Amino acid sequence: MTVVPRQGEPFSLSAFLISDGPAGFLLSWVAGFVDTSAFIVLFGLFTAHVTGNLALAGNSFVSSDEGSTITRLLMIPTFMAVVFLTCLLARYARRQGWSVFATLLTAEAAALVVFLAIGTRLSPVLLLDVQENLILPMGISGVVAMAIQNALMKEAKESFKSYIPTTVMTGNTTQLTIDLTQLFIAKFLPTWSSSPQADIEESLERLSRVIPTLVGFALGGLGAALFVPTAEFWSLILPLFIVSILAISAYLQHSLSTARS
């Protein structure tokens, strides 16, 4: 669980990193970076936004590209299977009294290591000769890492005030627009609202949680666009480092919480 510092306690970097705003921003950055990196290197394959692969599969099917169609469709059952296993791991960790957040972050870090290892080995060959049998293992390993993060945000709910997706921004963009609309009505059309002040406070509070995830994802995508052309798959060291730091922070805070209780 997230430890809230007591009044008068010194600043704790680990507690700050796994609090809602910073953790949401950093995990969104990771998702944006990984998704964009994979899309660039794997010739248009999503690892975080896996439902986008359905549209890509449809396009490949129309183009009579059977290999590409199968590869993209396989990402969906892979994603579902990993979410299933992640949910089991989360429930086991909870029964054992472990930090669910730390456990799942560790699993994601391990999956990113595999993605990095497979990617650095196969991507140079892929750039010379585009083959679906090379794209498939790389894509699956990336989807595994992002499926864990998708499930993590729901399964580690005790660590967050409320659920905010960090891998797919469509829902967050919708919520942003709804909150901006509510804020506009409360400020400039107060007669349309039963409680303008409450609506303003509510919309501002949600905006404070949604905006960091949108900014983080956008900056992650930008980071991938800048680093991948030169560093290729080695650039995945950056998201791996961030997830590892968050996992260590979560373990430290869980140990502190356990020691207090």
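The values are calculated or read from the model by the stated rules, or taken from the named source; none is laboratory data. Remember, it's a predicted structure, so these values are computed and weren't measured experimentally. Cβ placement follows ideal geometry from the backbone for every residue including glycine, while neighbour counts extend to all protein chains displayed.
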**Prompt:** Does Thr120 qualify as being under 24 Å from Leu27 (Cβ atoms), at pLDDT 95 or above, in a helix (DSSP H, G or I) and of a type outside the set (A, V, I, L, M, F, W, C)?
**Reply:** no
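Between Phe16, Phe25, Phe61, which is under 23 Å from His254 (Cβ atoms), in contact with a helix residue (DSSP H, G or I) (Cβ under 7 Å, 6 or more places away or on another chain), without any contact (Cβ under 8 Å) to a residue 24 or more places away in the chain and in a helix (DSSP H, G or I)?
Exactly one residue qualifies, and that residue is Phe16.
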**Request:** Could you run through region 162-197 and say how many residues are surrounded by fewer than 18 Cβ atoms within 10 Å (Cβ to Cβ), touching a residue at least 40 places away in the same chain (Cβ under 8 Å) and not polar (S, T, N, Q)?
**Result:** 0
**Message:** Please go through region 219-261 and give me each residue that is over 21 Å from Leu152 (Cβ atoms), surrounded by fewer than 17 Cβ atoms within 10 Å (Cβ to Cβ) and among the polar types (S, T, N, Q), ordered by number.
**Reply:** Thr230, Ser261
**Request:** Identify, from the list Phe115, Phe79, the residue that is in contact with a Gly (Cβ under 7 Å, 6 or more places away or on another chain), under 13 Å from Met146 (Cα atoms) and part of a helix (DSSP H, G or I).
**Result:** Phe115
**Message:** Kindly evaluate Thr78 against the criterion of being out of contact with any strand residue (DSSP E or B) (no Cβ under 9 Å at 6 or more places or on another chain) and in contact (Cβ under 8 Å) with a residue 60 or more places away in the chain.
**Reply:** yes
**Request:** Taking only region 96-128 into account, find how many residues are closer than 22 Å to Ala15 by Cα and not polar (S, T, N, Q).
**Result:** 10
